[in-house]
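Before any comments, here is the structure.
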Amino acid sequence: MEVNGDGTGSSTRPRKVIDEENLAVEFPETAHQISSDSWFQVGFVLTTGINSAYVLGYSGTIMVPLGWIPGVLGLIIAAAISLYANSLIAKLHEFGGRRHIRYRDLAGFIYGRKAYSLTWGLQYVNLFMINTGYIILAGSALKAVYALFSDDHVMKLPYFIALSGFVCALFAMSIPHLSALRLWLGVSTVFSLIYIVVAFVLSVKDGIEAPARDYSIPGTTQSKIFTTIGASANLVFAFNTGMLPEIQDVGYATIKQPVVSNMMKSLYFQFTAGVLPMYAVTFIGYWAYGSSTSTYLLSSVNGPVWVKASANIAAFLQTVIALHIFASPMYEYLDTRFGITGSPFSIRNLSFRVGVRGGYLTINTLVAALLPFLGDFMSLTGAISTFPLTFILANHMYLKAKKNKLTSLQKLWHWLNVYFFGLMSIAAAVSALRLIAVDSKTYHVFADL
């Protein structure tokens, strides 16, 4: 089969399943590096996402609307199904004699041009909303530092969001591609440990000293239904911010051969080293503050000013690095589309990054300041993109690609996954839109939350 640039097969020949195990693998065109990184480095890329500053919000956005038993079980089950779904994509990374470094290429190869465009559209919305959430997080961290040293309330959240967007843009202009993060991944891990350890220790201290907490799920019966559904979207968001399909493909595009086995090592690394710190800070935060837990845990904890300031600064800096990972698919697309090759710091290439990446993040920052509802963004992202891309499409693509090798029971299993997560996606999207509508009535645009 001939393969076009959009990942689809030639329209002049009928599509057929190719035995990928007996063919040399074709590499796609890209302006960024591929096949240069170890599985360990790619594992760190994925772990950086799962332990980003978003973990400081899971006590409030997952545990509060679900409660103890559903919340704990939900996080464990979400980790298992996320690992499974992403392993399906990993097994299709080299398929049909071609290495698919982008999820949209794989979708186009299996389904055709329309699926390529639809998948790319979903990915763009997905990554745009994640990056918007990161800028909200970064702004919240800076505002928390400001509040520790000043109570005049002159500086509002939108100002800190604007400052955060500017810093993120500077970083994006300095790092040409994902492989260039190398040292920064280690720095990001240190930052993550700082805010996770501080949040954990201060929450334990507050929990020991505090009176009995209320762990009941807040709200009316109707609101509880919607917040529970929204929390289910947050569950899958929690484990797929570090391994969403496009992020995987950009990470996997840099990984050394043998690709599939190394990708599986990266996934297992993420779901061992990655989830334990996230579980710890999420569960302890909810234990310490109960139903009153904030959607940004560091705003709830009590402790020395310098300790809290250090944790918030670490959260801010780690968010800048993590955002770059999730923005990399868009950067790779634009760099490849416009032929940005050669020295990354040549005048032409640097000017391109300043204009294009700066413009992209300016739009992100404007949306973040306009609607700074972090929990709502997490729910909506999980509903309209994480569910379809990570669970629905992954199962259906695997079913279509491997249909001649699957038993009837295996086929039934994959179809059940497609329909179940399809229904969940619709329900979660309705819930998330309702939450945004309610919050928009409660708070004005450019709100100082």
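The values are calculated or read from the model by the stated rules, or taken from the named source; none is laboratory data. Note that this is a predicted model, so its numbers are computed, not measured. Every residue, glycine as well, gets a Cβ built from its backbone with ideal geometry; the counts of neighbours run over all protein chains shown. What goes into the accessible areas is simple: the full protein's heavy atoms, side chains included, and nothing from ligands, DNA or RNA. Shrake-Rupley method; radii C 1.70, N 1.55, O 1.52, S 1.80 Å.
Worth a mention:
- Residues in the range 281-306 that are under 14 Å from Val204 (Cβ atoms), assigned to a helix (DSSP H, G or I) and open to solvent by less than 60 Å² (accessible area, probe 1.4 Å): Val281, Thr282, Phe283, Ile284, Gly285, Tyr286, Ala288, Tyr289, Leu297.
- Condition met for Gly71 (at pLDDT 85 or above, small (Gly, Ala, Ser), at positive phi and surrounded by fewer than 24 Cβ atoms within 10 Å (Cβ to Cβ)): no
- Top-ranked residue of the range 150-160 - restricted to ones that are open to solvent by 50 Å² or more (accessible area, probe 1.4 Å) and more than 32 Å from the chain's Cα centre (by Cα), ranked as nearest to Phe446 (Cα to Cα): Val154
- Here the range 118-150 is the region considered, the condition is being without any contact (Cβ under 8 Å) to a residue 12 or more places away in the chain and in a helix (DSSP H, G or I), and the residue that is farthest from Ser164 (Cα to Cα) is Leu118.
- Scanning the range 41-52 finds one or more residues that are in contact (Cβ under 8 Å) with a residue 24 or more places away in the chain, of a type outside the set (Ser, Thr, Tyr) and closer than 23 Å to Val301 by Cα.
- Options Leu389, Leu409: the member that is part of a helix (DSSP H, G or I) and crowded, with 21+ Cβ neighbours inside 10 Å: Leu389
- The range 319-361 - residue that is β-branched (Val, Ile, Thr) and either in contact with a strand residue (DSSP E or B) (Cβ under 7 Å, 6 or more places away or on another chain) or more than 28 Å from Ser192 (Cβ to Cβ) (or both) and, of those, least open to solvent (accessible area, probe 1.4 Å): Ile340
- Against the list (1) under 20 Å from Thr61 (Cα atoms); (2) open to solvent by less than 10 Å² (accessible area, probe 1.4 Å), the condition Leu106 fails is (1).
- Of all the residues in the range 35-55, those that are at pLDDT 70 or above and of a type in the set (Ser, Thr, Tyr) number 4.
- Scanning the range 413-448 for residues that are at pLDDT below 85 and either open to solvent by less than 60 Å² (accessible area, probe 1.4 Å) or not in a helix (DSSP H, G or I) (or both) yields a count of 12.
- Single condition Phe128 does not satisfy, out of (1) buried (at least 23 other Cβ atoms within 10 Å of the Cβ); (2) under 14 Å from the mean Cα position of the chain (by Cα); (3) at pLDDT 85 or above: (1)
- As for the range 137-155, it holds no residue that is more than 30 Å from Trp306 (Cα to Cα), modelled with pLDDT under 90 and out of contact with any helix residue (DSSP H, G or I) (no Cβ under 6 Å at 6 or more places or on another chain).
- Some residue of the range 67-90 being assigned to a helix (DSSP H, G or I) and touching a Lys or Arg at 6+ places or on another chain (Cβ under 8 Å): no
- Selection status of Pro372, outside any helix (DSSP H, G or I) and buried (at least 24 other Cβ atoms within 10 Å of the Cβ): yes
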